[in-house]
Amino acid sequence: MKAVHFGAGNIGRGFIGLLLDQSGYEVTFVDVNDEIISSINQHKSYQVHFADETSDAVTVEHISGINSIEDPKAVTNAIIDADIVTTAVGPNILPVIAKAIAKGLVERIDIHREPLAIIACENMIGGSTLLKEYVYQEISETDQEGFDDLFGFPDAAVDRIVPNQTNANLLDVRVEPYYEWVVEKTFIQGELPDIKGITYVEELGPYIERKLFTVNTGHAATAYLGSCHGYETIDEALQGEAVMDTLNGVLQETGQALIEAYGFDAKAHADYIQKIIGRFQNPHISDEVTRVGRGPVRKLGPKDRFVRPASMYLEFTSAAPTYLAKAMAATLRFQNKSDEEAVKLQRMIQKKGPAAAFAEVSGLEQNHPITEAVMLEYEKLR
């Protein structure tokens with residue numbers, strides 16, 4: 001079996017590539033990083049190390065690489081022969097790789113009519129659906145009709161912490177032992193791909209939001225609160241009582257919203273929250289608050305990890321959340337000169353004031369209850 005995976009970064013190699021290899025696939029990594037692609041083709045293997053007490057490692061083999069800039073035809077040929085296509089490139093790169101995927105699918109359908117699943121394993125809601133929209137922008141309406149019968153773009157929720165790292169061997173990756181890969185099977189044509197570690201579900205939405213509003217919200221909240229308190233890493237920040245107390249409050253609020261919206265079992269969700277906090281506290285993963293906090297403008301967006309659960313909480317309780325407001329206020333205070341979005345946000349605040357800046361990025365009015373709650377906490381952080 002053959003897999004084409006777009007994105008040969010740490011997540012691609014340490015998460016998706018690893019599970020594809022363990023499931024018996026020959027994995028072709030597609031990327032623009034020539035150093036990584038050359039190393040893949042030279043060494044034909046790498047190791048994934050687990051960040052825990054054991055420091056165990058597994059070897060990933062049966063791999064090859066394609067530089068999509070230097071050899072686009074090879075990318076097309078790989079898609080023609082693929083049994084599955086996956087991505088881990090980041091939301092902003094999806095429209096870029098869509099062109100290559102569209103070309104491969106157009107030529108594939110002329111050669112053979114085998115079903116194919118294209119799964120975007122991105123840290124976002126509806127990644128595969130969005131990728132499909134980008135792909136369909138590159139093909140004719142006539143081709144689109146035939147595509148729907150063969151090519152499925154099932155949405156997925158993925159979860160594994162892969163911190164910034166420097167390893168002696170370029171391709172080796174260090175990851176946490178825990179992972180979750182949930183895929184919505186409704187839009188898969190043909191048989192479900194037999195991949196170790198995937199959980200197939202009928203409806204993905206609740207699982208995506210459970211993950212985003214617990215893992216992603218909690219991780220980002222810890223980063224922004226930790227930055228405000230002068231901590232450098234996530235595990236250090238959670239040694240501080242103030243950050244831990246606020247994190248617990250944040251996840252209680254998102255948890256209440258999730259339980260009300262989707263009927264999750266309260267006890268099971270409480271256990272899930274504690275498992276997630278335990279992952280953040282892993283002393284074997286030193287994850288910098290500046291890395292986790294990157295992209296504050298996007299993270300304060302109307303459908304992202306703070307505003308969306310805060311709006312759900314307001315809807316179900318008729319009150320603005322307290323702890324989510326603290327986390328969003330800390331996000332507005334986030335300083336990182338090497339992060340374009342952090343710099344942009346601070347410029348917006350200086351020019352327009354914090355309330356107007358927050359309203360612009362969040363999509364909420366300045367007199368909205370959530371905006372007012374955030375501004376109250378923002379002033380307390382002076």
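So the values come out like this:
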{"read-out": "Portion, in percent, of the accessible area of segment 156-297 that falls on carbon or sulfur, probe 1.4 Å", "value": "45"}
{"read-out": "Straight-distance crosslink candidates among lysines, where the alpha carbon sits under 16 Å from LYS326 and sequence neighbours closer than 8 are dropped", "value": "LYS299, LYS380"}
{"read-out": "Rg/Rh for the chain, where both radii come from Cα atoms and Rh is the Kirkwood radius", "value": "0.98"}
{"read-out": "Selection of GluC sites (Glu not before Pro), segment 28-137, meeting DSSP coil and at most 12 other Cβ within 10 Å", "value": "GLU53, GLU61, GLU70"}
{"read-out": "Gaussian network model of the chain, Cα within-10 Å springs - most flexible of ALA327, ALA261, ALA220", "value": "ALA261"}
{"read-out": "In Å, descending, principal axis extents of the Cα set of segment 222-261", "value": "35, 15, 14"}
{"read-out": "Local electrostatic count at ILE349 - Lys and Arg +1, Asp and Glu -1, tallied over other residues with Cβ under 14 Å", "value": "+3"}
{"read-out": "Amide hydrogen neighbours beyond the local backbone of GLU26, cut-off 5 Å, H modeled", "value": "LYS2, ALA3"}
{"read-out": "Paired Rg and Dmax values of segment 122-177, which use every Cα atom, in angstrom", "value": "17.2, 50"}
{"read-out": "Neighbourhood net charge (12 Å Cβ-Cβ; Lys/Arg +1, Asp/Glu -1) for MET244", "value": "-4"}
{"read-out": "Contour minus Cα-Cα distance for ALA242 and LEU170 (0.36 nm per residue)", "value": "22.1 nm"}
{"read-out": "Cα-based convex hull, segment 65-192, per residue volume (Å³, whole number)", "value": "126"}
{"read-out": "GNM result for the chain, Cα springs below 10 Å: residue of LEU19, LEU345, LEU170 fluctuating most strongly", "value": "LEU170"}
{"read-out": "Under the Karplus curve 6.51 cos²θ - 1.76 cosθ + 1.60, θ = phi - 60°, whole-Hz ³J(HN,Hα) for segment 369-375, x wherever Gly or Pro sits", "value": "x, 5, 4, 5, 5, 5, 5"}
{"read-out": "Charge context of TYR179, other residues only, Cβ under 9 angstrom, K/R +1, D/E -1", "value": "-2"}
{"read-out": "Cross-link pairs beyond the 22 Å C-alpha cut-off, checked among LYS303/LYS344; LYS44/LYS211; LYS2/LYS185; LYS196/LYS267; LYS211/LYS275; LYS73/LYS99", "value": "LYS44/LYS211; LYS196/LYS267"}
{"read-out": "Rg followed by Dmax, in Å, when segment 257-380 is reduced to its Cα trace", "value": "15.6, 46"}
{"read-out": "Over segment 109-235, relative contact order from alpha-carbon pairs under 8 Å, at least 6 apart, %", "value": "23"}
{"read-out": "For peptides 185-197, 355-367, sequence by mean Cβ density within 10 Å, most packed first", "value": "355-367, 185-197"}
{"read-out": "Global form of segment 1-131, assessed from the alpha-carbon gyration tensor, a/c cut-off 1.5", "value": "prolate"}
{"read-out": "Cubic angstrom per residue, convex hull over Cα atoms of segment 325-382", "value": "70"}
{"read-out": "Estimated translational D of segment 150-250 in µm²/s (Stokes, Kirkwood radius over Cα pairs; 4 °C; 1.567 mPa s)", "value": "80"}
{"read-out": "Inter-part distance where segment 233-259 and segment 1-64 are each reduced to a Cα centre, Å", "value": "33"}
{"read-out": "Principal axis dimensions, segment 189-300 - Cα atoms, whole angstrom, descending", "value": "51, 29, 29"}
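The values are calculated or read from the model by the stated rules, or taken from the named source; none is laboratory data. The structure displayed is predicted, hence computed values, not measured ones. Positions of Cβ are generated from backbone atoms using ideal geometry, with glycine treated the same way; all protein chains shown enter the neighbour counts. Keep in mind that these areas ignore ligands, DNA and RNA; they rest on the heavy atoms of the full protein, side chains included. Shrake-Rupley method; radii C 1.70, N 1.55, O 1.52, S 1.80 Å.
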